[in-house]
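Undergrad: My structure is below; once you've seen it, I'll send some questions.
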Amino acid sequence: MLDPAAPQLVLNTRALYFSWLPADPDAVAALVPAGLRPRPDRQVFLNQYVVDDETQTSGFGAYDLTYLGVSLSGVDAPGGVSPGGWWTHYVTSSERVLGYALTHGAPAAPGRTTVEVAGGVLVAETELDGVTVIRARCRVGETGHVVSSGHHRYFTRRNGRLLSAVYPYLAEPVTPFEIEWVEFLEPDHPVYALRPANPLTIAWGFYSPRASFAYPGGLTAHPGDPTLRSERAGELASAGAPRTNP
């Protein structure tokens with residue numbers, strides 16, 4: 001197993017990353033734990049990516065992965081451009097990545113992700129338990145000369161504690177880029193709660209055949225965690241209690 005405290009670098013993934021407004025905002029908000037707040041528009045994000053070769057990673061090897069979740073208010077990534085995100089689902093083909101993610105509190109499960117481009121059309125699919133649960137179709141152009149960079153901040157929960165980490169990234173998006181449709185194919189699967197509204201309303205997104213990022217390894221406890229607040233209140237009460245003679 002990989003050391004969960006060790007950072008990991010991932011280079012030149014084929015990544016489709018975008019966000020939408022959901023069909024059921026209340027169901028989306030219900031997935032966010034106490035101590036965190038969803039955005040007022042209940043925006044949902046999805047990243048489907050493929051790492052084709054083990055030489056593209058510092059320790060993960062080749063793998064594919066999908067994560068999705070709910071965008072948050074008041075916990076932006078450094079720079080204030082990207083909102084923090086609560087992972088609701090995290091699906092990977094790699095046992096090594098699965099173990100690493102689970103030790104960080106991610107809701108990780110085994111599955112498969114494919115991202116295929118032919119004739120200017122991209123189709124990305126996510127499979128769980130042998131069944132395709134998400135399928136996205138996009139129109140994509142050529143990689144331009146613009147490089148997008150910044151940070152994302154994602155939250156997980158481990159042993160009842162809310163934790164987060166900041167993930168730096170670089171991506172070379174294609175232009176033009178247009179998301180034609182997104183399908184959630186299994187109404188009985190829990191992921192269906194995150195399905196997009198009809199008509200589809202995209203908040204932002206890109207496809208990049210060369211997207212790179214780092215897993216920082218370390219995690220930070222969220223100061224808004226209600227568990228921490230209870231413990232602090234108990235500590236203060238104990239510190240202020242009158243002392244009795246033995």
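Undergrad: Which angle between 0 and 90 degrees, to the nearest 10, do you get for helix 226-240 versus the longest principal axis of the chain when only C-alpha atoms count?
TA: 20 degrees
Undergrad: Please give the calculated 222 nm ellipticity per residue for the chain, where each DSSP H segment of at least 4 residues contributes -39500 (n - 2.57) and the sum is spread over every residue; nearest 500 deg cm²/dmol?
TA: -3500 deg cm²/dmol
Undergrad: If DNA, RNA and ligands are ignored and the probe is 1.4 Å, what is the ranking of ILE134, ILE202 by accessible area, most exposed first?
TA: My answer, sorted largest first, is ILE202, ILE134.
Undergrad: Between ASP52 and GLU186, 0.36 nm times their residue separation minus their Cα-Cα distance comes to what?
TA: Using 0.36 nm per residue and subtracting the Cα-Cα distance, I get 45.5 nm.
Undergrad: Taking a virtual spin label 7 Å from the Cα of ASP24 along the C-beta vector, which residues in region 52-79 bring their backbone nitrogen under 17 Å of it?
TA: Of the residues in region 52-79, 69-70 have backbone N under 17 Å from the label point off ASP24.
Undergrad: Going toward the positive end of the dipole of region 151-227, with +1 on Lys and Arg Cβ and -1 on Asp and Glu Cβ, which of ASN198, PRO168, LEU185 do you reach last?
TA: PRO168
Undergrad: Heavy atoms only, 1.4 Å probe, whole protein assembly: order ASP225, ASP52 by accessible area, highest first.
TA: ASP52, ASP225
Undergrad: Can you find, among THR57, TRP87, ALA5, the residue farthest towards the positive end of the dipole of region 1-113? Put +1 on the C-beta of Lys and Arg, -1 on that of Asp and Glu.
TA: Most positive-ward Cα: TRP87.
Undergrad: Taking a ≥ b ≥ c as the square roots of the Cα gyration tensor eigenvalues, with a/c under 1.5 meaning rounded and otherwise prolate when a/b beats b/c, else oblate, which class fits region 1-160?
TA: rounded
Undergrad: According to a simple spin-label model (label point 7 Å from Cα along Cα-to-Cβ), what is the distance in nm between THR227 and GLU178?
TA: With each label point 7 Å from Cα toward Cβ, the separation is 4.7 nm.
Undergrad: Let me ask something additional. 7 Å from Cα along Cα→Cβ at both VAL147 and ALA34: what's the point-to-point distance in nm?
TA: 4.5 nm
Undergrad: Run the dipole for the chain about the Cα centre, Lys and Arg Cβ at +1, Asp and Glu Cβ at -1, nothing else charged, and hand back the magnitude in debye, nearest 20.
TA: Here the chain has a charge dipole of around 900 debye.
Undergrad: Can you list the residues, at least 5 places off or on another chain, whose amide H is less than 5 Å from the amide H of THR88, using H built in the peptide plane?
TA: LEU68, GLY69, VAL70
Undergrad: Got a sec to turn the phi values of region 181-197 into Karplus ³J(HN,Hα) couplings, 6.51 cos²θ - 1.76 cosθ + 1.60 with θ = phi - 60°, whole Hz, x for Gly and Pro?
TA: With the stated coefficients, region 181-197 comes to 7, 9, 10, 9, 8, 10, x, 8, 8, x, 5, 4, 4, 9, 4, x, 5 Hz.
Undergrad: Still on this structure: For region 119-205, what class follows from the C-alpha gyration tensor (a ≥ b ≥ c being the square roots of its eigenvalues): rounded when a/c is under 1.5, otherwise prolate if a/b is larger than b/c, else oblate?
TA: oblate
Undergrad: Please label the shape of region 106-149 as rounded, prolate or oblate, based on the square roots a ≥ b ≥ c of the eigenvalues of the alpha-carbon gyration tensor (a/c under 1.5 means rounded; beyond that, a/b larger than b/c means prolate, else oblate).
TA: Oblate, because a/c is 1.5 or more while a/b does not exceed b/c.
Undergrad: Measuring from label point to label point, each 7 Å out along Cα→Cβ, what is the ASP76 to LEU11 span in nm?
TA: Between ASP76 and LEU11, the label points sit 3.2 nm apart.
The values are calculated or read from the model by the stated rules, or taken from the named source; none is laboratory data. Every value quoted in this text rests on a predicted model; they were computed, and no experiment measured them. We place every Cβ from the backbone using ideal geometry, glycine too, and count neighbours over all the protein chains shown. When the accessible area is computed, the model is the full protein with side chains, heavy atoms only, and any ligands, DNA or RNA have been set aside. Shrake-Rupley method; radii C 1.70, N 1.55, O 1.52, S 1.80 Å.
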